[in-house]
Amino acid sequence: MTSRSLARHMWHQIEPVHATLYFSPQAFEEAAALGYDVGSRWPSYFAWRTAPMGAAGPRLVAATFYSFSPSMIAEYVPAVWAVAKPRQVLDARRRAVDRTLRALYAQAGALEEAAELAVKAARSAELAHRPLAAANLDLPWPDEPHLALWQAYTVLREHRGDGHLTALRAAGLDACEALVSFASVGAAPDAGFAGRGWSAEEWAAARERLAARGLVDADGTATPAGHALRDQVERLTDELAAGPWQTLGEAGAERLAELNRPLLGAVFEAGLLPMTSTLGIGKVRVPA
């Protein structure tokens, strides 16, 4: 397996486990206890994901999350810090992950070997231009294996995501264009702009810019050049994510995948996650 293939393979193993934080009922209960409105998932999403960076403002969040409309971000940030401080959010996040993983998988507390492998990979990550990965790696490691495993997965997930933004910028795709391009190859619904706060006018303008570059046709479908550009983005994303998995080696990574499989299966069986993930780090189909 090439280093790029290994990076993509392992992303498919860890991303669904990481993403349970944003969808589990236990996480919404913890968010509600802090005082967040849980009628929408976005207040807690912005709080959970941003808290490792401290009380970040809207420009920092827009720069690091990238694919969200700045106007949408401004609806939640910095307002989320008036509800709870980052330290409170991080404490609640840990409780939410603990409760979520224990509810999903009865053996969640018996993941010592998996945690050791994942932490080794996470600690080896190159952090230059990786602000979200670095912020999560600065957090203390939990003693409980399942929590250390989730934190390591989060570092690795954000490491990949930070690299994906580098790949998007190298391809000359701004934040809205990145989603339009993503939708143009069938990786997400064209109406996906509604979930990230982009207006119909902004979406149409981004499509026109891509059309002027010969990347999409009149109905927004990717041209051969558009497909080639998305392939370039995915290849570079995988290449930039490969380092931690090279540290483990193929045998170590496969052992982690083997140990992770029961937990991953429990996540899928629970049906917590949306069918299609557009979390900004490449193309993946997530089973419900």
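The values are calculated or read from the model by the stated rules, or taken from the named source; none is laboratory data. Everything quoted here is computed from the prediction, not taken from an experiment. When we count neighbours, we look across all protein chains shown, and the Cβ atoms used for this are built from the backbone with ideal geometry, even at glycine. To get the accessible areas, we keep the full protein, side chains included, count just its heavy atoms, and leave off ligands, DNA and RNA. Shrake-Rupley method; radii C 1.70, N 1.55, O 1.52, S 1.80 Å.
Between the stretch 214-235 and the stretch 114-161, what is the C-alpha centre distance in whole Å?
33
Accessible area, 1.4 Å probe, largest first: how do Thr2, Thr237 sort?
Thr2, Thr237
Considering only protein heavy atoms, what per residue accessible area in square angstrom results for the stretch 45-154 with a 1.4 angstrom probe?
Normalised by residue count, the accessible surface of the stretch 45-154 is 42 Å².
Taking H as built 1.01 Å from N, whose amide H comes closer than 5 Å to the amide H of Val216, not counting residues under 5 places away?
For Val216, whose amide H was placed from the backbone, the distant partners under 5 Å are Ala211, Thr223.
Could you give me the ³J(HN,Hα) list for the stretch 49-66, computed from phi with Karplus coefficients 6.51, -1.76, 1.60 and θ = phi - 60°, whole Hz, x at Gly and Pro?
Once θ is set to phi - 60°, the couplings for the stretch 49-66 become 7, 7, 3, x, 8, x, 6, 5, x, x, 6, 5, 5, 4, 5, 8, 8, 6 Hz.
From the C-alpha gyration tensor of the chain, pull out the three semi-axes of the equivalent ellipsoid (sqrt of 5λ each), sorted largest to smallest, in whole Å.
Equivalent-ellipsoid dimensions as semi-axes: 29, 24, 17 Å.
For the stretch 49-92, which whole percent of the accessible surface, found with a 1.4 angstrom probe, sits on carbon and sulfur atoms?
60
Please state the relative contact order of the stretch 1-132 as a whole percent: Cα pairs under 8 Å, 6+ residues apart?
With pairs under 8 Å counted, the relative contact order is 28 percent.
Quick one: among Ser44, Ser71, Ser24, which has the greatest mean-square fluctuation in a GNM of the chain with alpha-carbon springs under 10 angstrom?
Comparing Ser44, Ser71, Ser24 in the GNM, the peak value goes to Ser71.
Which is farthest toward the positive dipole end of the chain among His18, Val61, Leu273, measuring Cα position about the Cα centre, with Cβ charges +1 (Lys, Arg) and -1 (Asp, Glu)?
Selected residue: Val61.
For the stretch 148-260, just say rounded, prolate or oblate: build the C-alpha gyration tensor, square-root its eigenvalues into a ≥ b ≥ c, call rounded for a/c under 1.5, and beyond that prolate if a/b exceeds b/c, oblate if not.
Since a/c reaches 1.5 and a/b is larger than b/c, the shape of the stretch 148-260 is classed as prolate.
Quote the accessible area belonging to Lys120 in square angstrom, nearest 10, computed with a 1.4 Å probe and with ligands, DNA and RNA left uncounted.
Surface accessible to solvent at Lys120 totals approximately 110 Å².
Name the residues whose placed amide hydrogens come within less than 5 Å of the amide hydrogen of Leu127, ignoring near sequence neighbours (fewer than 5 apart) on the same chain.
Here nothing satisfies the definition.
Picking from Glu234, Glu158, Glu250, which is most flexible by a Gaussian network model of the chain using Cα springs under 10 Å?
Glu250
Give me the net charge of Ala27's neighbourhood, meaning all other residues with Cβ under 15 Å from the Cβ of Ala27; Lys, Arg count +1, Asp, Glu -1.
+2
Per-residue HN-Hα couplings for the stretch 72-77, Karplus 6.51 cos²θ - 1.76 cosθ + 1.60 at θ = phi - 60°, whole Hz, x for Gly and Pro?
Running phi through 6.51 cos²θ - 1.76 cosθ + 1.60 with θ = phi - 60° gives 5, 4, 5, 5, 10, 10 Hz.
With a ≥ b ≥ c taken as the square roots of the eigenvalues of the C-alpha gyration tensor of the stretch 1-83, please select rounded if a/c is under 1.5 and otherwise prolate if a/b is larger than b/c or oblate if it is not?
oblate
Residue by residue, what Karplus-based ³J(HN,Hα) values in Hz, rounded to whole numbers, does the stretch 98-104 have, using 6.51, -1.76 and 1.60 with θ = phi - 60° and x for Gly and Pro?
Going residue by residue, I get 4, 5, 5, 5, 5, 5, 7 Hz, with x marking Gly and Pro.
Under the rule of -39500 (n - 2.57) per DSSP H run of 4 or more residues, summed and divided by the residues of the chain, what mean residue ellipticity at 222 nm is obtained, to the nearest 500 deg cm²/dmol?
-21000 deg cm²/dmol
When the solvent-accessible surface of protein heavy atoms is calculated with a 1.4 angstrom probe, in what order do His18, His9 fall, highest first?
Sorted descending by solvent-accessible area, the residues read His9, His18.
Express in whole angstrom the spacing between the alpha-carbon centres of the stretch 1-62 and the stretch 97-112.
For the stretch 1-62 versus the stretch 97-112, the Cα centre distance is 18 Å.
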